[in-house]
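Asks: Structure incoming, see below.
The values are calculated or read from the model by the stated rules, or taken from the named source; none is laboratory data. If you're wondering where the values come from, they're calculated on a predicted model, not measured in any experiment. No Cβ is skipped: glycine too gets one built from the backbone with ideal geometry, and neighbour counts run over all protein chains shown.
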Amino acid sequence: MGKLIDGRWSADGNGSAPTDGAFRRAESTFRNWVTPDGAPGPSGQGGFRAEAGRYHLYVSYACPWAHRTLIFRALKGLTDLIGVSVTHPDLLDDGWTFRTDFPGATGDTLHGTEFLRDIYLRAEPGMTGRVSTPVLWDGKRGTIVSNESAEIIRMFNSAFDHLTGNTDDYWPEDLRAAIEPVNARIYDTVNNGVYKAGFATRQGPYDAAVAALFDSLDWLEDRLSRQRWLMGDRLAEADWRLFPTLVRFDSVYHTHFKCNRRRLIDYENLWDYTRALYQHPGVAATVRLDHIVRHYYFSHESINPHRIIPINPILDFDSPHRRG
Ligand SMILES: N[C@@H](CCC(=O)N[C@@H](CS)C(=O)NCC(=O)O)C(=O)O
């Protein structure tokens, strides 16, 4: 991994723990919003009107944050309106690359650039910051709209509805206040919690991260023993934000990130729920375990220095579930 400093690539800026041994995720840099009429969103500038063919998504299939955006693109019928370029799963000294020598790595289908950092530099030539996926690119203005997945999924949830006719709403007004604390706990202890465990370089931060993670998994298991989805009867944003972590859990986080008190398949309800989400129309195609496994085990030299890719469990995400 590395980062951009004043527009130049620095290969040694790594993303893991500083001296206190605790992992901290950097803030996203581009925070504009696509809106139906181009009015400014909750942050950033206006001028990004929803239009078919105007926007392009840069993702890694391995990245759980990018995964959310691919899921919303599929759920909301945006696949014909918003193109996608998929990086190579390896994240090494050059950061994310557009190498195509891995099945499903498409290269940069829009600009033909070599590295994801080239996309950031097109948007801001003198940029300082991390080069992360996902990136939502505006082909009309030639800039990045957003590299914050939590905001990209909210744009996809509603900004294009008048073009697609798809009004499925995963962030409905009446659930917003209830979704927020669920999202916050899941983000801190589960989505990012597995990274805090995996990238800890001291025992204390690791212990704290896994304790909070498994407390939250118990809390979720209990919740899902009483209701179909996290927010009750309606599938909501909170479910789709949890799913990318669950679907990676037994193949990656359990072993590579040392989150091994229990496996996902040991939780009756969470495992059932994960399969139900996986089998939701359009979702299975967003899950690429080949990219996921290769990315984590091959990229993180500090945790897996010999880059041995493990055999991994056989998981049947297609087996029947009991969630309606
Ligand atoms: N806040 C961002 C985080 C994205 C993120 O951390 N992506 C990782 C891959 S899973 C990445 O690209 N890391 C490379 C880096 O930070 O240099 C989001 O949710 O969109």
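Asks: Look at N304 and say whether it is within 26 Å of P205 (Cα to Cα), surrounded by 14 or more Cβ atoms within 10 Å (Cβ to Cβ) and among the polar types (S, T, N, Q).
Replies: Here the answer is yes, as N304 does meet what is asked.
Asks: Could you check, for the stretch 24-31, whether at least one of its residues is part of a loop (DSSP other than H, G, I, E, B), within 11 Å of the ligand (Cβ to nearest atom), closer than 28 Å to A238 by Cα and hydrophobic (A, V, I, L, M, F, W, C)?
Replies: yes
Asks: Is it fair to say H56 is in contact (Cβ under 8 Å) with a residue 12 or more places away in the chain, within 13 Å of the ligand (Cβ to nearest atom) and either in a loop (DSSP other than H, G, I, E, B) or within 17 Å of the chain's Cα centre (by Cα) (or both)?
Replies: no
Asks: Which condition does E51 not pass, out of (1) within 20 Å of R122 (Cβ to Cβ); (2) within 15 Å of the ligand (Cβ to nearest atom); (3) in a loop (DSSP other than H, G, I, E, B), if it passes all the others?
Replies: Result: E51 passes all but (2).
Here's the yes/no breakdown for (1) farther than 20 Å from G41 by Cα; (2) in contact with a strand residue (DSSP E or B) (Cβ under 8 Å, 6 or more places away or on another chain); (3) surrounded by 21 or more Cβ atoms within 10 Å (Cβ to Cβ); (4) free of Cβ contacts under 8 Å to residues at least 24 places away in the same chain:
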residue: I119; (1), (2), (3), (4): yes, yes, yes, no
residue: T133; (1), (2), (3), (4): yes, yes, yes, no
residue: K140; (1), (2), (3), (4): no, no, no, no
residue: V145; (1), (2), (3), (4): no, yes, yes, no
residue: I152; (1), (2), (3), (4): no, yes, yes, no
residue: F160; (1), (2), (3), (4): no, no, yes, no
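Asks: Under 8 Å between Cβ atoms, which residue pairs at least 6 apart in sequence (or on different chains) link something in the stretch 171-187 that is outside the structural domain of S149 (by TED's automatic domain parsing) with a partner that is part of a helix (DSSP H, G or I) and among the aromatic types (F, W, Y)?
Replies: Between residues of the stretch 171-187 that are outside the structural domain of S149 (by TED's automatic domain parsing) and residues that are part of a helix (DSSP H, G or I) and among the aromatic types (F, W, Y), the close pairs are R185/W219.
Asks: Another question, if that's okay. If you take the residues of the stretch 196-236 that are within 19 Å of the chain's Cα centre (by Cα) and closer than 19 Å to I153 by Cβ, which of them is surrounded by the fewest Cβ atoms within 10 Å (Cβ to Cβ)?
Replies: So the residue we want is L235.
Asks: If a residue has to be surrounded by fewer than 21 Cβ atoms within 10 Å (Cβ to Cβ) and within 15 Å of the ligand (Cβ to nearest atom) to count, how many in the stretch 91-104 make the cut?
Replies: 3
Asks: Further question on the same structure: Check G13, G21 and return the single one that is at pLDDT below 95 and within 14 Å of the ligand (Cβ to nearest atom).
Replies: Only one candidate qualifies: G13.
Asks: Condition check: within 15 Å of the ligand (Cβ to nearest atom), small (G, A, S) and under 14 Å from M155 (Cβ atoms). Does S43 satisfy that?
Replies: yes
Asks: Do we find a residue being among the polar types (S, T, N, Q), surrounded by fewer than 16 Cβ atoms within 10 Å (Cβ to Cβ) and in the same structural domain as K196 (by TED's automatic domain parsing) anywhere in the stretch 272-289?
Replies: Among the residues of the stretch 272-289, at least one is among the polar types (S, T, N, Q), surrounded by fewer than 16 Cβ atoms within 10 Å (Cβ to Cβ) and in the same structural domain as K196 (by TED's automatic domain parsing), which makes the answer yes.
Asks: Any residue at all in the stretch 73-87 that's within 11 Å of the chain's Cα centre (by Cα) and within 13 Å of the ligand (Cβ to nearest atom)?
Replies: There is no residue in the stretch 73-87 that is within 11 Å of the chain's Cα centre (by Cα) and within 13 Å of the ligand (Cβ to nearest atom).
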